[in-house]
Amino acid sequence: MTRILIVDDSPTEIHVLKKILEKAGYDIAVAESGEEGVQQARNVVPDLILMDVVMPGLNGFQATRQLSNDPQTARIPVIMVTTKDQPTDKVWASRQGAKGYLVKPVKEKELLKSVRSQLSG
């Protein structure tokens, strides 16, 4: 079963994303901070990571950069899922290694399309 790691400090956001993805047949792991996300990615080695940007401590850009620079996790695609919607945020996410970018609140169809695109690509 395809495993997706959700990294977000909002319990509500985790619940919404998890519900959509489990309904679509994905196995879900959760981390509530950037630090925990990096650790979980190394332990679980998910097929895909959904990463929030604005989190206390290690933010999503920093966590994505760490994952991209680590040979153990560099091949895991990261999709940023954030409220930050400026073009510069999207460019910066890409430079950190993110493969996709979704702006909250995420629509179910848009989320699933982006997830399937990264998993098949």
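The values are calculated or read from the model by the stated rules, or taken from the named source; none is laboratory data. None of these values were measured; they are calculated from a predicted model. Cβ placement follows ideal geometry from the backbone for every residue including glycine, while neighbour counts extend to all protein chains displayed.
Summary table below
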quantity: Cross-chain or 6+ apart pairs with Cβ under 6 Å, the range 101-121 first and in contact (Cβ under 8 Å) with a residue 40 or more places away in the chain and within 16 Å of Ile6 (Cβ to Cβ), then crowded, with 19+ Cβ neighbours inside 10 Å and of a type in the set (Lys, Arg); calculated: Gln118/Lys99
quantity: Residue in the range 23-34 that is among the hydroxyl-bearing types (Ser, Thr, Tyr) and free of Cβ contacts under 8 Å to residues at least 12 places away in the same chain present; calculated: no
quantity: Test: Gly57 is touching a Ser or Thr at 6+ places or on another chain (Cβ under 6 Å), farther than 28 Å from Gly25 by Cβ and touching a residue at least 12 places away in the same chain (Cβ under 8 Å); calculated: yes
quantity: Test: residue in the range 95-108 that is part of a helix (DSSP H, G or I), more than 22 Å from Pro11 (Cβ to Cβ), modelled with pLDDT of 95 or more and of a type in the set (A, V, I, L, M, F, W, C); calculated: no
